[in-house]
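Have a look at the structure below before the remarks.
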Amino acid sequence: MPWLSRSYLALVYLLLYVPIVVLVVFSFNDSRTGYNWGGFSLRWYESLFNNHAMVQAMWNSLWLALTAATVSTCIGALTALALHRYRFRGKKALNGMLFVVMMSPEIVLAISLLGLFLLLGLKLGYVSLLLAHVTFCLPFVVITVMARLTGFDERLPEAARDLGASDFTMTRTVLIPVIMPALMAGWLLGFTLSMDDVVVSTFVSGPSYEILPLRIYSMVRVGLKPEVNALGTLLLVFSLAMLMLSQWILSRSKQ
Amino acid sequence: MTKTLLSLSGISKQFDGKTVLDELSLKIDDGEFITLLGPSGCGKTTLLRMMAGFELPDRGTVTLSGMDITQTPPESRPLNTVFQNYALFPHMSVFDNVAYGLKMEKRPKAEIRERVEEALAMVQLEDFARRKPHQLSGGQQQRVAIARAVVKRPKMLLLDEPLSALDYKLRRTMQVELKRLQRELGITFVFVTHDQEEALSMSDRIVVLKDGYIQQLGTPREVYERPANVFTARFVGQTNFFPGRVTAIAGERISVDVFGLNRELSMPSFRVTMNQPLHVLLRPEDIRVLAPDDTEGVAGKIVERNYKGSTLDSVIELEDGSQVMASEFFDEDDPTFDYSIGERVRVSWVDGWEWLLAEEGDEPLTDEEELAADDAEH
């Protein structure tokens, strides 16, 4: 019964994409209320960009995601290398602890981080957000890079050394290029996680540094404004672009 | 006059308390093709890695052209390695792979280009320079690995079972090609393999290794025809072990009782005493299968017959139950040649083709047990 399987598939895709399509379509709706179509308009985009606080929150979020992803990729890659390359005491415990961070409920992490920052007397703002985001991104980066290293031919570094490369040159010219796809995948994962995090950020952000997800959240609490649709559409376009970029880089590295 | 290029002396190495190499010494001559042959776990790869600098010996020294390089890191040794699974850099083109070593030496661009092209031409891959390793076949990848290693003009090329991943036919082709390269380049080749056939056909000298000891060091012919001990005899080629006993000693001749036959043989290199048990070794191709009414030889019957094209291999069971392998060249004109299974024959050999070994305290495993142990290790 091919028609049955086809219509089932159609239904699944419909459920997945109808909300997104509605969001995109209504972002161009001239009407004030979200229930009827009042003609095509870009007024919500205009009002979005005129909303200074919103634009600022967007930049803040982008900067935070960028730095958090980069820092966690650097630390995570080194951690993965250490776990892969060396045998040391407490290696298993370290490995397990990564999973604990990954699996524990976000709210637990949020509360404990807030407690820690208060204890240290750290002013809540960009730094506390960055530290928190690096914390929850780290295990994902480590696991992504570890997966790549598992398939890594141990003879490659030896071949490089044999041909006259120092340990540092080998790392630069062989190890990093070979695990590059994993580094990028880890970075993108971190970027996305940081970009749309609400729970942890709610706890550890302060009034000095407002980020996008929290801004949106407070906006919709007082009623769904069409501006949010416009913002959602922009975010959608942005993440699609990121996805295409990563696919393009991956396909190029495979050639 | 050959000159020693690399010498290992008193090398010992343990891994997790297990002795892999024990007080091993070896001198490798300049320009020779030397093979380290042995079953897996015999220490041959560890020995090669020690020459390359990937492993440090617990004790002993490695010297190259008279210079102590025991502690020298791999990147500073003028030797290059061809790895078992080629270890080509997957993100670089064939050209960049081969150029890698020269870039490390910071050679001028023009020189790099010229030498890489030369190296690729040598392995007949000049048209593949822009390809990535994964776009090449196993044999081509192998040739890139060789080009990458020889482009630096090393004093010595170390090859770690380089042909083991290739199929039989390609392996034969590569064996010939490697020999040609070695002759053309005049570089010393140290070749590691567990394939005795490969070792016999390619080497100038063979080092037979087992349990971290050198069992025998000699030319392929010496190793095959005059094995130093039971292990070497069993490991290199197929051998019939006949139980013998010394019945008379007269000057350079001794009499040995084999299956009730009294054969007069020349004195072996070791000391013999009256009634001493001996191994009388005969390769399958040394065995003569005779008609049942022949006056010579021991009686037996054919239990297996394998047509191999150029030879006809048979297994003959003697009356005491022991089995003899025989391999005869095909001769269609010989009427007595074609025996069928179950037919009675007599087994003999030409005097002087046998090889004598003393019985050893702990006899090594038979081929089958060796293979089983090998499998268990992998």
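General remarks:
- Whole-Hz Karplus values for segment B:257-274 come out as 8, 10, 6, x, 7, 9, 10, 9, 10, 7, 4, x, 6, 9, 6, 10, 10, 4 Hz, taken residue by residue from phi with 6.51 cos²θ - 1.76 cosθ + 1.60 and θ = phi - 60°; glycine and proline positions read x.
- All C-alpha to C-alpha distances of segment B:1-96, sorted into 10 Å bins beginning at zero, yield P(r) values of 14, 44, 30, 11, 1 percent in whole numbers.
- Placed amide H near residue B:216: partners under 5 Å, 5+ positions off or other chain: B:208
- Heavy atoms of residue A:209: accessible area, 1.4 Å probe, square angstrom to 10: 30 Å²
- For chain A, built as a Gaussian network whose Cα springs stay under 10 Å, the top-fluctuating residue of A:206, A:115, A:164: A:164
- Chain A, relative contact order in percent, only Cα pairs under 8 angstrom and at least six apart counted: 32 percent
- Neighbour count of at most 14 Cβ within 10 Å plus DSSP loop: longest trypsin sites (Lys or Arg not before Pro)-free window in chain B: B:131-270
- Quotient of Cα Rg and 2.2 N^0.38 Å for chain A, N being how many residues it contains: 1.24
- Using the alpha-carbon positions of chain B, Rg (one decimal) and Dmax (whole number) come out as 24.6, 79 Å.
- Each semi-axis of the equivalent ellipsoid for segment A:21-64 is √(5λ) with λ an eigenvalue of the Cα gyration tensor; in descending order they amount to 25, 11, 7 Å.
- In Hz, Karplus ³J(HN,Hα) per residue of segment B:29-38 (6.51, -1.76, 1.60; θ = phi - 60°; x = Gly, Pro): 7, 5, x, 8, 10, 10, 10, 9, 10, x
- The residues of segment B:72-143 present an accessible area of 47 Å² per residue when probed at 1.4 Å with all protein chains retained.
- Amide H to amide H distances under 5 Å link residue B:24 with B:10, B:11, B:12, where only residues 5 or more positions off or on other chains count and H is placed in the peptide plane.
- Interface A:B - total buried accessible surface [probe 1.4 Å, Å², rounded to 100]: 1900 Å²
- Chain B - percent of accessible surface contributed by carbon and sulfur, probe 1.4 Å: 49 percent
- Descending Cα extents along the principal axes, segment B:101-147, whole Å: 31, 18, 17
- Across segment B:7-19, computed HN-Hα scalar couplings (Karplus, 6.51 cos²θ - 1.76 cosθ + 1.60, θ = phi - 60°) run 10, 10, 9, x, 6, 10, 8, 10, 10, 6, x, 9, 6 Hz from first to last residue, x flagging Gly and Pro.
- Per-selection metrics, segment A:111-161 (Cα): Rg and Dmax in Å: 18.0, 51
- For segment A:43-136, chymotrypsin sites (Phe, Trp or Tyr not before Pro) are listed when DSSP marks them as loop and at most 15 other Cβ atoms sit within 10 Å of their Cβ; the list is A:86, A:88.
- Buried on assembly, segment A:147-179 (at least 50 Å² less accessible surface than by itself, 1.4 Å probe): A:155, A:156, A:158, A:161, A:162, A:163
- In summary, segment B:178-326 shows an alpha-carbon radius of gyration equal to 1.26 times the 2.2 N^0.38 Å reference for compact globular proteins.
- Partner aspartates and glutamates whose Cα lies under 19 Å from the Cα of residue B:106, excluding those fewer than 8 positions away in the same chain, are identified as A:162, A:167, B:75, B:96, B:114, B:117, B:118.
- Stokes-Einstein D (µm²/s) once Rh is taken as the Kirkwood radius of segment A:148-224 over alpha-carbon pairs, at 4 °C in 1.567 mPa s: 81 µm²/s
- Projecting the alpha carbon convex hull of the protein assembly as shown along each direction and taking the average yields 45.9 nm².
- Estimated [θ] at 222 nm from DSSP helical runs (n ≥ 4, -39500 (n - 2.57)) normalised by residues in chain B, nearest 500: -7500 deg cm²/dmol
- Loop-resident sites, segment A:6-51, for trypsin sites (Lys or Arg not before Pro), counting at most 15 other Cβ within 10 Å (DSSP): A:32
- Heavy-atom accessible surface of segment A:180-255: percent carbon and sulfur, 1.4 Å: 71 percent
- Measuring nothing but how far apart in sequence close Cα pairs (under 8 Å, 6+ apart) lie, relative to its length, chain B scores a relative contact order of 15 percent.
The values are calculated or read from the model by the stated rules, or taken from the named source; none is laboratory data. These numbers come from a predicted model, not from an experiment. Note that each Cβ is placed from the backbone with ideal geometry, even for glycine, and that neighbours are counted across all protein chains shown. Only protein heavy atoms, including side chains, enter the accessible area calculation; ligands, DNA and RNA are left aside. Shrake-Rupley method; radii C 1.70, N 1.55, O 1.52, S 1.80 Å.
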